[in-house]
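The values are calculated or read from the model by the stated rules, or taken from the named source; none is laboratory data. For clarity, every value in this text was computed on a predicted model and none was experimentally measured. A quick note on method: Cβ atoms are made from the backbone with ideal geometry, for glycine too, and the neighbour counts reach across all protein chains shown. Surface accessibility is based on the protein's heavy atoms, side chains included, excluding ligands, DNA and RNA. Shrake-Rupley method; radii C 1.70, N 1.55, O 1.52, S 1.80 Å.
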Amino acid sequence: MSTSFWSFANPNKFMRLSGALLPFTAVIAAALIVVGLFWSLFATPSAELHGQGVKMLFVHVPAAFFSINVYGMMVVASLIGLVRSHPVSHLAAKSAAPIGAAFTLLAIVTGALWGMPGWGSYWEWDARLTSILILLFFYLGYIALWNAIEDPVKAADLAAILCLVGSIFAFLARYASLLFPTLHQGSSLSVDADTNVDNSFYYPLLVMMVGYFFVFVTLLLVSVRTEIRARRVRALRLAER
Amino acid sequence: MKLEAHAISCIRGGRRVFSRISFAIEAGEVLILRGPNGAGKSSLLRCLSGLVPLAGGSVTLSGLSEEVLDLSDDRETMQSQLAAIGHLDAVKPGFTVAENLRFWARIWGENDNAEARVAAALTRFGLDHIAQGLAAHCSAGQKRRLGLARLSVAARPIWLLDEPTVSLDAASVAVFADLVRAHCAKGGMAIAATHIDLGLEAARELVLEAAPRGVQMDEASDDPFLDEGAWI
Amino acid sequence: MTSIFWRDLALAFRIGGGAGQALVFFLLAVTLLAFGTGGEPDVLRSVAPGALWVFALLSCLLSLDRLFQADVEDGSMDGLMLASTPLEAVVLAKAAAHWVTTGLPMILAAPILAALLNLEPAAYGMLILSLAIGTPALSLIGAIGAALTASVRRGGMLLSLLVLPLYIPTLVAGAMAVRASAAGFEAWPYLGMLSAITLGCAALAPFASAAALRITLS
């Protein structure tokens with residue numbers, strides 16, 4: 001049997017593969033998040049400026065990181081869905097949107113709570129906060145368009161166009177928001193060590209990052225499987241008419 | 001000129017509408033589509049007009065130029081040979097009857113002698129007395145005639161007609177049948193879905209069957225979500 | 001293409017009241033802003049550049065939902081798909097007609113509105129220039145949103161949800177240009193950004209909108 005990468009876009013193959021993967025990703029996600037949370041909350045020192053509030057970092061940084069990257073994944077999935085008309089690819093983009101929106105909201109809320117002691121207010125029109133807020137709007141618009149169109153085949157293609165157009169404008173908005181003054185610190189994790197946080201923060205943060213990734217994959221698989229089942233129910237109903 | 005459909009299939013909204021339909025129609029001919037509601041007459045016409053992508057098969061047009069045109073490759077060239085009338089009349093209530101028609105004369109035909117074509121069409125369909133009136137005040141029958149008059153101002157050889165005679169009286173049906181006859185005499189062709197007899201001598205018929213209910217296992221690969229498999 | 005432009009324009013003037021309504025809308029919006037802020041000249045002066053740009057994009061948005069929907073609902077769009085002009089050109093013509101009824105009145109009314117909002121006199125020229133360069137982008141981006149929601153009944157709220165985030169870069173560049181020149185700085189970098197956005201939209205929007213319309217009508 002020839003298995004190319006594209007063959008997993010067939011709903012049956014996807015159901016089989018995802019059914020086999022799901023228990024593993026779920027266990028890994030749960031283990032990493034539990035370990036990461038205990039490590040980061042109870043085994044790290046508190047900072048002078050933020051006090052115990054610094055521990056928001058372990059929830060905030062991965063959420064902010066994945067809020068952007070999930071949108072990137074949606075762009076790729078939408079492009080594949082449009083060009084090669086793979087229904088599962090469209091459904092993957094559709095399923096990723098609410099998860100991405102949740103990460104974005106989490107990043108905004110934790111960011112606001114974290115900002116309070118440091119900046120003295122919950123919200124500042126700071127470059128990075130603003131661009132992540134705009135990202136939330138793009139997620140919500142994408143979800144709304146899917147929900148507004150009855151025919152799932154048309155909804156998939158139209159939402160994919162919105163996702164692609166949106167990615168260009170989200171990119172522009174990101175740079176437009178740089179015109180605002182920033183209060184944000186630089187990247188917390190990067191290859192050049194200058195801006196990196198202390199090692200006692202670095203490793204638990206890394207565990208949380210990987211944990212978030214597996215949480216995302218698990219939720220995505222569950223959601224795509226539900227979407228595929230819903231589409232099958234719809235197809236069977238239509239065939240009965 | 002010859003329009004051919006080679007085993008075309010159509011899937012809309014995840015539902016198979018018709019399968020493997022083939023026919024050929026030459027200049028001067030009329031093809032009447034018959035079949036019960038839901039057999040896919042409207043969908044077939046929308047597929048032929050290039051608005052709905054084909055799920056299988058091909059539509060070709062030969063005799064227009066040297067090479068044979070294919071609907072999926074040369075869509076815009078083929079669409080510029082078509083005039084299509086659907087359930088909706090594309091009438092703008094804010095324009096007068098003449099203005100409505102003048103717009104379509106420019107969109108579906110050449111700019112020169114548009115005025116003459118519009119005047120002739122208005123006379124033919126008995127609309128000249130209300131030509132300067134707003135289309136908002138037209139009756140359903142008048143709107144339908146205005147919709148059909150778009151055909152006679154168009155300079156297009158292939159007509160696709162979806163229930164063209166709805167809400168027309170007997171006299172108007174005769175006028176319309178004459179228009180189709182004249183069109184074919186000039187070397188045009190028409191494909192019409194209709195329940196009533198237009199009284200066209202040269203017409204051939206294509207009967208569409210209603211799509212069978214239930215899941216068709218042999219066609220299951222059309223909709224990947226209907227495929228039987230590892231459903232857990 | 002020109003016949004589609006003139007037809008849309010004529011329809012807008014006959015049914016929608018055309019540019020006149022847009023002008024009244026701007027006056028009302030400025031009045032509301034003055035009431036809302038208590039009419040303090042200094043407050044108005046500081047918010048004027050942003051507020052004028054926000055009004056421009058709101059008025060653009062208000063008439064956007066019928067841009068394609070009216071033609072889809074009455075069957076005209078099916079006929080336009082068969083026109084000898086490509087669908088992309090049809091989109092461009094309709095967006096141009098939309099700009100004439102919303103963007104152009106804003107540019108013409110800009111000096112009066114700016115006077116009412118107490119804008120720095122030095123920024124008047126830049127306000128008009130930035131609106132002239134930027135408002136076509138608003139109509140073009142709006143066309144994408146209108147095409148995506150052409151089949152959605154009562155899609156006005158959905159349309160604003162889709163289009164307003166897309167307007168952010170245009171708004172930032174336009175308002176910054178006016179603010180910079182009001183504060184006596186160089187506004188050319190922002191104006192360059194604005195021109196780039198408009199040109200980019202002119203290249204992108206017809207294709208994205210036409211693709212969306214083809215999907216909607218299939």
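Key figures
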quantity	calculated
Residue of C:194, C:119, C:162 that the Gaussian network model of chain C assigns the largest fluctuation, springs spanning Cα pairs under 10 Å	C:162
Surface accessible to a 1.4 Å probe, residue A:154 within the full protein complex, Å²	50
For the protein assembly as shown, Kirkwood radius (reciprocal of mean inverse C-alpha pair distance, Å)	28.5
Hz values of 3J(HN,Hα) by residue in segment A:90-103 - Karplus curve (6.51, -1.76, 1.60), Gly and Pro given as x	4, 5, 5, 5, 4, 5, 6, 4, x, 5, x, 5, 5, 4
Dipole magnitude of segment C:2-216, debye to nearest 20 (Cβ charges: Lys/Arg +1, Asp/Glu -1, about Cα centre)	180
Peptide A:164-176, shielding by other chains (average Cβ, 10 Å cutoff)	6
Charge dipole of segment C:2-216 about the Cα centre (unit charges at C-beta), most positive-ward option of C:91, C:155, C:116	C:155
Residue A:58 accessible area, 1.4 Å probe, all protein chains in place, Å² to nearest 10	0
Percent of beta bridges antiparallel (DSSP, the protein assembly as shown, rounded to nearest 5)	50
Percent antiparallel among DSSP beta bridges (both partners in chain B, rounded to 5)	50
Peptide B:167-180 - average C-beta neighbours from other chains (10 Å radius)	0
Total accessible surface hidden between B and A, rounded to 100 Å², 1.4 Å probe	1800
Total lysine pairs whose alpha carbons fall under 22 Å of each other in the protein assembly as shown (8 or more apart, or interchain)	7
Using alpha carbons only: equivalent-ellipsoid semi-axes of segment B:24-173, gyration tensor based, whole Å	29, 19, 13
Heavy-atom accessible area, 1.4 Å probe, ligands and nucleic acids excluded: residues of segment C:138-157 down by at least 50 Å² from chain alone	C:148
Accessible area in square angstrom per residue, segment A:50-240, 1.4 angstrom probe	42
Shielding score for C:6-13, defined as the mean number of other chain Cβ atoms within 10 Å	3
Highest-MSF residue in chain B out of B:26, B:110, B:163 [GNM, Cα springs under 10 Å]	B:110
CD proxy at 222 nm, helix term only [per DSSP H run n ≥ 4: -39500 (n - 2.57); per residue of the protein assembly as shown; nearest 500]	-21500 deg cm²/dmol
Carbon/sulfur fraction of accessible area - the protein assembly as shown, other protein chains in place, 1.4 Å, %	64
Chains A and C, summed buried accessible surface - 1.4 Å probe, Å², nearest 100	2000
Protein heavy-atom accessible area occluded, B/C pair - total, 1.4 Å probe, Å²	2100
Equivalent ellipsoid, chain C (semi-axes from 5 times Cα gyration tensor eigenvalues, Å)	32, 18, 14
Distance histogram in 10 Å bins (all Cα pairs of segment A:50-240, percent per bin)	9, 32, 32, 18, 7, 2, 0
